[in-house]
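To start, the structure under review is shown below, and the notes come after it.
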Amino acid sequence: MLNKFDKLKKYLNELKKQGLCLAFSGGIDSTLLLFLCQDMDIIAITLKTDFQTFEEIELTKKLCQKYNIKQLIIEADVLENPLINNNPKNRCYECKKFLFKTAVQKAFEHGKKYLIDGTNFDDLNSHRPGIKALEELEIISPFAKFGITKKEIREYAKECGIEIFDKPSTPCLATRFPYNTKLTKQNLQMAEQGEVILKKYGYKNCRFRIHGNIARIEIPPEQFDSFIKEKTGLIKDIKALNIKYVTLDLEGIRSGSMDI
């Protein structure tokens, strides 16, 4: 009996007959798809905006080179779109619609019928407004289609020898701000730089949330003790970003804390 991943690979081989593009972010979900499609003559489409970090875009380039897959990097100015830059509650929907329309057009221009993405089965059961936009644009989400969870993706990626199988999720930088906060290059860069500082201190899985001039830091609870021990240097580095108050969120790192 075929398992989920056998069925997935068979399905991808059917799609490739009419041309296949992958929306590639460099996260573990889309990276596993990249790996599985490496012999299928696909094109990886990476959407480069102010919501992605420099580190993330560079990782996509390295992975496409590693698997010898053609990559198109499309730059899009999300901050010029008022439906996005004011960070409304439905920002994720508007942003996905705006960006993936361009990706679908690029796929068509290159003679590819299908665009797939890394949405997994777990995503269907969490607050993900962008999924509605993907459905409207007829983007295919193979992991969701075959009921493949994040845990299963990480386990299979590890079996396949993919080095970033345990890479923490990296949602877009807009999620670091409360809804209805005007998003600018300056404050997005501040969020990015804040997480660079945290990672320098060893906090690889972190969120640097910004509430005005207050930083609310999310890290795993088991790292709280080391954070407190290192607080003097951390506070100094973080305040250099023009942050006035530095706080540690006692609930720890979690997805969607701005949705509460």
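Each reported figure results from applying straightforward, stated rules to the coordinates on display, with no laboratory input. In this text, all values refer to a predicted model and were calculated from it rather than measured experimentally. Heads up, the Cβs are rebuilt from the backbone with ideal geometry, glycines too, and the neighbour counts pull from every protein chain shown.
A few comments on the model shown:
- The angle separating the long axis of helix 4-15 from the principal Cα axis of greatest extent in the chain is about 60 degrees.
- Farthest positive-ward along the stretch 154-198 dipole, Cα basis, beta-carbon charges - from 194, 181, 156: 181
- Taking other C-beta atoms within 10 Å as the exposure proxy, 78, 196, 104 rank 196, 104, 78 from fewest upward.
- Most to least packed among 91-102, 219-230 [average Cβ atoms within 10 Å]: 91-102, 219-230
- Extension gain, residue 225 to residue 145: 0.36 nm times the residue separation minus the Cα-Cα distance gives 24.7 nm.
- Built amide H within the under 5 Å cut-off of residue 45, gap 5+: 22, 23, 24, 72
- Taking Cα centre as origin and charging only the Cβ of basic (Lys, Arg, +1) and acidic (Asp, Glu, -1) residues, the dipole magnitude of the chain rounds to 160 debye.
- Positive-end residue of 23, 121, 88, charge dipole of the chain with Cβ unit charges: 88
- Cα long-axis angle, helix 185-200 against the chain (0 to 90 degrees, to the nearest 10): 80
- Shape of the stretch 79-137, Cα gyration tensor, a/c cut at 1.5: oblate
- Think of each Lys and Arg Cβ as +1 and each Asp and Glu Cβ as -1; about the Cα centre, that makes the dipole of the stretch 13-91 roughly 180 debye.
- Inter-label distance, nm, simple model (7 Å from Cα along the C-beta direction), residue 13/residue 240: 5.4
- With contributions of -39500 (n - 2.57) from each DSSP H run of at least four residues, the per-residue ellipticity at 222 nm computed over the chain stands at -12500 deg cm²/dmol.
- Overall shape of the chain was characterised from the C-alpha gyration tensor. The equivalent ellipsoid obtained from it has semi-axes of 33, 21, 16 Å, in decreasing order.
- Compared with the dominant principal axis of the Cα atoms in the chain, helix 54-66 is inclined by about 30°.
- Put simply, the amide H of residue 113, placed in the peptide plane, has neighbours under 5 Å in 19, 20, leaving out anything fewer than 5 places away on its chain.
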